[in-house]
Amino acid sequence: MRILFVDKVFLGAHRGEMLRGVEVFNLSFVKDLVEGGYHVDMVIASSWESVIRAKLGGALPGFIRTYAWMPPQEIAGFLRDMDVLIVPSRDEEVMRETFSQAMVQGMLTGLPVLVHRLPVLEKKLEEGGGEVFDSIDELTAQMIRLADSPETRREMGKAGRCTALNRYVWDTARFARRYLEASS
C-alpha cells in the first residue's frame, strides 16, 4: 500500500516542529504494518530526508520513499499513484492548522484520508472520505483495515472526492442558482 504522509512538519515548517513530529509518530505505525507482513511504501518530502535520517539514526527504513518538490501540474498525477493520505497535523502554538490544502487535493483525487483529530480536518470528513485518529494504535488499526480492503479505500475516496467537489471547487452555475436566482 502506498501511503502519502503529509504534514506541515514535512512540508516546510520549521525544524523544531519536524523533530517533535518524528518523536510523536516515530513511524511506529508503519513499522507495525511492515512487520505484520503488509507491503508499505511510505512517501515523504525529500527536503526533510536529512532531518529524518538524523532522527532515525542514519539510513531511512526500506519502506520510506522520498519525493522532490514538483510543479503544481504534476501533483494530481502524483496523488493518484497513492492509496492513502495521512494528515497528522496537530494544533500547537507554533503551528496552527487552518485548512489543509494537501488534504483537499488528496480528496479531489479520490484518496481516503486519515487525519489527526482537529476540528478543521474532521469537518472535511463529515460526509465520509476518511477517518479520524487520536493515537498511533488507532492509526495502525485504520491502516490495517484499509490495507485489507481496497473496496473500502475506493468507497472512502469516492465520498471524499464528492465532498471536495461540492465544497471546495468553484461552480459558477451553482453559485448563480443559489445566490442570484434566490434574490430575484
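Quick notes on this structure:
- For the range 46-63, filtered to residues that are aliphatic (A, V, I, L, M) and part of a loop (DSSP other than H, G, I, E, B), the residue that is nearest to LEU4 (Cα to Cα) is LEU60.
- Total residues in the range 119-131 satisfying the condition of being farther than 15 Å from VAL6 by Cα and in contact with an Asp or Glu (Cβ under 9 Å, 6 or more places away or on another chain): the figure is 5.
- Residue match in the range 119-134 (condition: under 15 Å from VAL40 (Cβ atoms) and buried (at least 21 other Cβ atoms within 10 Å of the Cβ)): no
- Qualifying residue in the range 62-85 (condition: within 20 Å of ASP134 (Cα to Cα) and out of contact with any Ser or Thr (no Cβ under 8 Å at 6 or more places or on another chain)): yes
- Note on the range 105-140: residues that are in contact (Cβ under 8 Å) with a residue 60 or more places away in the chain and within 15 Å of PHE29 (Cβ to Cβ) total 3.
- All of THR140, THR109 fail the test of being closer than 16 Å to MET1 by Cα, crowded, with 18+ Cβ neighbours inside 10 Å and among the polar types (S, T, N, Q), apart from THR140.
- Residue in the range 78-90 that is over 18 Å from LEU33 (Cβ atoms), without any contact (Cβ under 8 Å) to a residue 12 or more places away in the chain, among the small types (Gly, Ala, Ser) and not in a helix (DSSP H, G or I) present: no
Conditions tested, residue by residue: (1) at pLDDT 90 or above; (2) over 12 Å from the mean Cα position of the chain (by Cα); (3) part of a helix (DSSP H, G or I).
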site	(1), (2), (3)
ARG65	no, yes, no
GLU74	yes, yes, yes
GLU97	no, yes, no
ALA102	no, no, yes
THR140	no, yes, yes
ARG154	yes, yes, yes
LYS158	yes, yes, yes
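The values are calculated or read from the model by the stated rules, or taken from the named source; none is laboratory data. None of these values were measured; they are calculated from a predicted model. Every residue, glycine as well, gets a Cβ built from its backbone with ideal geometry; the counts of neighbours run over all protein chains shown.
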